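See structure below.
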Amino acid sequence: MVRPPRTEKPTTRDRIVDSAIALFNEQGVSTVTTNHVAEHAEISPGNLYYHFANKEEIIREAFATEATVYGDIPPLHETAADIDATFHAGDVTLTAVQAERLVGTVRGETLPDGTLVVRRLCVLPEARGAGIGRALIEALEVAYPDATRFELFTGHLNGAALGLYESLGYVRTGAEEIATGIELVTLVKARVG
C-alpha cells in the first residue's frame with residue numbers, strides 16, 4: 001500500500017498511518033499493536049486513540065489513497081486478521097532504513113514451481129523517488145538465487161509502480177478485474193543468467 005507524496009508537513013494522523021503501514025509490512029498485521037504504532041510515530045497511545053478508535057480504523061485509512069483512485073476497494077473492508085492471512089510460511093520481508101527510520105519494505109514468497117512472488121512493496125511518500133523501491137526489489141531477487149521466475153501484480157491505474165516494474169524487466173502478462181473498476185495487472189520476469 002502506498003500514499004501520495006505530501007507537499008505540507010505530515011499531520012499526526014499521517015504519521016500514525018505511515019508508521020502503521022511500515023510496521024504492518026515489516027512485521028505482519030497480527031503482531032503489531034496500536035502501542036507499537038504509537039511508539040513508531042513517536043506519540044503517546046492516548047494521542048493515537050484521539051485519532052483512531054482501533055487498529056482496523058488505521059488499516060482502512062491506509063487504503064484510503066487507493067480508494068481515491070479506484071473507488072471502494074476490498075482492502076477497505078479487511079480486518080487485521082484478513083490482512084494477516086496474506087502472510088505465508090516462508091515469506092521473507094526486506095526493509096530499507098534511513099537515519100534509523102524504516103522507509104520501505106517488500107515481501108517475497110516462493111512457490112513450488114520456483115516462482116518468487118513479490119508482494120506488498122511499500123515506500124513512505126517522503127522517501128519516494130530515491131530508488132528505494134527499485135533497490136528492495138533487486139535485493140529480493142538476489143535473496144532468492146534458486147528462483148527461476150519472478151511474478152508480481154499491481155493496480156492498472158498505478159502508473160508509477162507499473163513504470164518501475166517494467167524498467168526492472170517485468171512484462172505484463174494479463175489483468176484480472178477483482179472488483180468493479182479495479183484490475184490487477186500481472187507482471188512476470190524470468191531469471192537471466
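Give me the tail of P(r) for region 116-155 as a percent: Cα-Cα pairs with distance above 15 Å. The calculated P(r) of region 116-155 puts 44 percent of pairs beyond 15 Å. Less than 5 angstrom separates the built amide H of Leu168 from none of the residues sequence-distant by 5 or more or on a different chain. Each label was represented as a point 7 Å from its Cα along the Cα-to-Cβ direction; for Arg101 and Ala53 these points are 3.1 nm apart. Accessible area per residue for region 8-49 is 46 Å², calculated with a 1.4 Å probe on protein heavy atoms, without ligands, DNA or RNA. Here the spin labels are modelled as points 7 Å beyond Cα on the Cα-Cβ line, and at Glu126 and Ser30 they lie 3.3 nm apart.
Can you check what the Kirkwood hydrodynamic radius comes to for region 97-178, Cα pairs only, in Å to one decimal?
On the way: mean 1/r = 0.0731 Å⁻¹.
It works out to 13.7 Å.
Inter-label distance, Ala190 to Ala85: 3.6 nm, where each label sits 7 Å from its Cα along the C-beta direction. Over region 102-176, accessible surface divided per residue gives 45 Å², non-protein components excluded, 1.4 Å probe.
Note down the net charge around Arg191, summing +1 for each Lys or Arg and -1 for each Asp or Glu among other residues with Cβ under 15 Å from its Cβ.
Details: positive: Arg149, Lys189; negative: Asp113, Glu138, Glu141, Asp146, Glu151.
Charge balance near Arg191 sits at -3.
The values are calculated or read from the model by the stated rules, or taken from the named source; none is laboratory data. Keep in mind that what you see is a predicted model, and the values were worked out from it rather than measured. Ideal geometry is used to build each Cβ from the backbone, glycine not excepted, and the neighbour counts take in all protein chains shown. SASA here: full protein model, heavy atoms, side chains in, ligands and nucleic acids out. Shrake-Rupley method; radii C 1.70, N 1.55, O 1.52, S 1.80 Å.
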